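Chemist: Dropping a structure here in structure tokens format, bear with me for questions.
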């Protein structure tokens, strides 16, 4: 349970971090980031496997690169569901944002594992 809460908070912090990079992602507050992180997690958990299974031929054909597009679409869908979480440049902000969110989460979890918190 503690790992789930930690992942939720780290994702919210990562989301706030990537809004500072001026890639077209806007989050109004930390509360909005928490809600957005929850929605991103739920969208990825419930819609992600279905969309990835349906797009599997394209993912195989592009040697996995289409998975970035699928992740961007899921990120875009989450932004559409949360008030206060918006993408200025639509799909392109979602594509860049989903990649940066993954990188930021990986770096933060790596740092947390160095100090023994994750």
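FYI, it's all coordinate maths here, none of it is from the lab. Values in this document were obtained by computation on a predicted structure and should not be read as measured data. FYI the Cβ positions are ideal-geometry reconstructions off the backbone, even for glycines, and counts take in every protein chain you see.
Chemist: Nearest 10 degrees, 0 to 90: what angle lies between the long axis of helix 2-19 and the longest principal axis of the chain (Cα atoms)?
Modeler: 80
Chemist: Something else now. In whole angstrom, how far apart do the alpha carbon centroids of the stretch 61-85 and the stretch 30-49 sit?
Modeler: After rounding, the separation between the Cα centres reads 12 Å.
Chemist: Next question, about the same structure. Working out 0.36 nm times the residue gap between residue 47 and residue 109, then minus their Cα-Cα distance, what length gain in nm do you get to one decimal?
Modeler: Result: 19.9 nm gained on full extension.
Chemist: Tilt of helix 30-46 relative to the longest C-alpha principal axis of the chain, in degrees (0 to 90, nearest 10)?
Modeler: The angle comes out near 40 degrees.
Chemist: Shifting gears a bit: How much length would be gained if the chain were fully extended between residue 54 and residue 20, taking 0.36 nm per residue of separation minus their Cα-Cα distance, in nm to one decimal?
Modeler: 8.8 nm
Chemist: Let me ask something else about it. Give the label of the value calculated from the structure for volume of the Cα convex hull per residue in Å³, choosing from [x] 109; [y] 90; [z] 163.
Modeler: It is the one labelled [x].
Chemist: Starting with the highest mean, order 22-35, 40-53 by the number of other Cβ atoms within 10 Å, averaged over the residues of each peptide.
Modeler: Most protected by this proxy first, the peptides run 22-35, 40-53.
Chemist: Going by alpha carbons, how many degrees (0 to 90, nearest 10) lie between the helix axis of 91-114 and the longest principal axis of the chain?
Modeler: Approximately 40 degrees, to the nearest 10.
Chemist: Starting with the fewest neighbours, write out 110, 76 ranked by other beta-carbon atoms found within 10 Å of each beta-carbon.
Modeler: 110, 76
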